[in-house]
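The structure appears right after this line, and notes come after that.
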Amino acid sequence: MKTDILLQLGLCALSLTAAAAAPATHNGIQHPLTSNKIITIHGPNLSSKQRIPGHNDAFYGPVPKDEQIFRIELLEIAPSPILVNKYFFILLRGEIPRSTRQDLHLQPADLADATLSITGSAVLEKDGEEIEPQRYTIPLRTAELGTEGEAHLAIRNATGAYVDHLALEGRNDILFDYWIPGPFVVTGKYTFEIEASLWRKGKGKGEDRRICLFALTLTQRLEGEEWPW
């Protein structure tokens, strides 16, 4: 039982903490989503993917770049690769082009309801065990995450002012800080898929449309720490 718990904590060190402890919002999204189809980049497919500009090891995906409406200017991750037991910082900068906003008739309210999903999977180094993907979703809004503020998600507009959610016009900066506790990580290769989305309601049942803002995939090795018992 203890081993299973450690594997799950290590697997979703980012997503589990953020989703389980995220503050309540008007849309109340704090629960894991298990019904979504997960697409993970592995093996030779990785080389065919396009890297995201900036200092990072991330690729566009699983949603293709041309289906993402948020045009990423750069993605900075420091340190990169991410280390356990040390704070890391993420800056994602970009904007939604005017032509896209007009074609989709986007309104500020659409971005106020945007969500951020994080899917984690892993292949453990010791025995090659593959850990089943887990997906968690939180509102894409400025918030303190964790029971004691262990992580922060913040959004800035083009003027540098911090705002509650993505701005419809102009450049946006999305910032995130967190640390991964080494004792809860089992050494292995971890894959994180991060996808931001918004929904447009259709006229009839089942006609709702999901629009991808951005999607990126990061795969790297994390080295855990042995428990003393």
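The values are calculated or read from the model by the stated rules, or taken from the named source; none is laboratory data. Predicted, not measured: the structure shown is a model, and the values here were computed from it. Ideal geometry is used to build each Cβ from the backbone, glycine not excepted, and the neighbour counts take in all protein chains shown.
Figures for the structure shown
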| quantity | calculated |
| --- | --- |
| Selection within the stretch 164-195 - part of a loop (DSSP other than H, G, I, E, B), modelled with pLDDT under 95 and surrounded by fewer than 18 Cβ atoms within 10 Å (Cβ to Cβ) | PRO181 |
| Residue match in the stretch 154-163 (condition: surrounded by fewer than 17 Cβ atoms within 10 Å (Cβ to Cβ) and either at positive phi or among the acidic types (Asp, Glu) (or both)) | yes |
| LEU104, sole failed condition from (1) over 19 Å from VAL186 (Cα atoms); (2) surrounded by 18 or more Cβ atoms within 10 Å (Cβ to Cβ) | (2) |
| Any hit, the stretch 96-111, residues being of a type in the set (Asp, Glu) and either assigned to a loop (DSSP other than H, G, I, E, B) or over 16 Å from ILE194 (Cα atoms) (or both) | yes |
| Selection from the stretch 74-88 of residues that are part of a strand (DSSP E or B), out of contact with any Leu (no Cβ under 6 Å at 6 or more places or on another chain) and surrounded by 15 or more Cβ atoms within 10 Å (Cβ to Cβ) | ILE77, PHE88 |
| Failed item in (1) within 18 Å of the chain's Cα centre (by Cα); (2) free of Cβ contacts under 8 Å to residues at least 12 places away in the same chain, with ASP113 passing the rest | (2) |
| Output for the stretch 146-163, where each listed residue is under 16 Å from PHE89 (Cβ atoms), in contact with a strand residue (DSSP E or B) (Cβ under 7 Å, 6 or more places away or on another chain) and in a loop (DSSP other than H, G, I, E, B) | GLU150 |
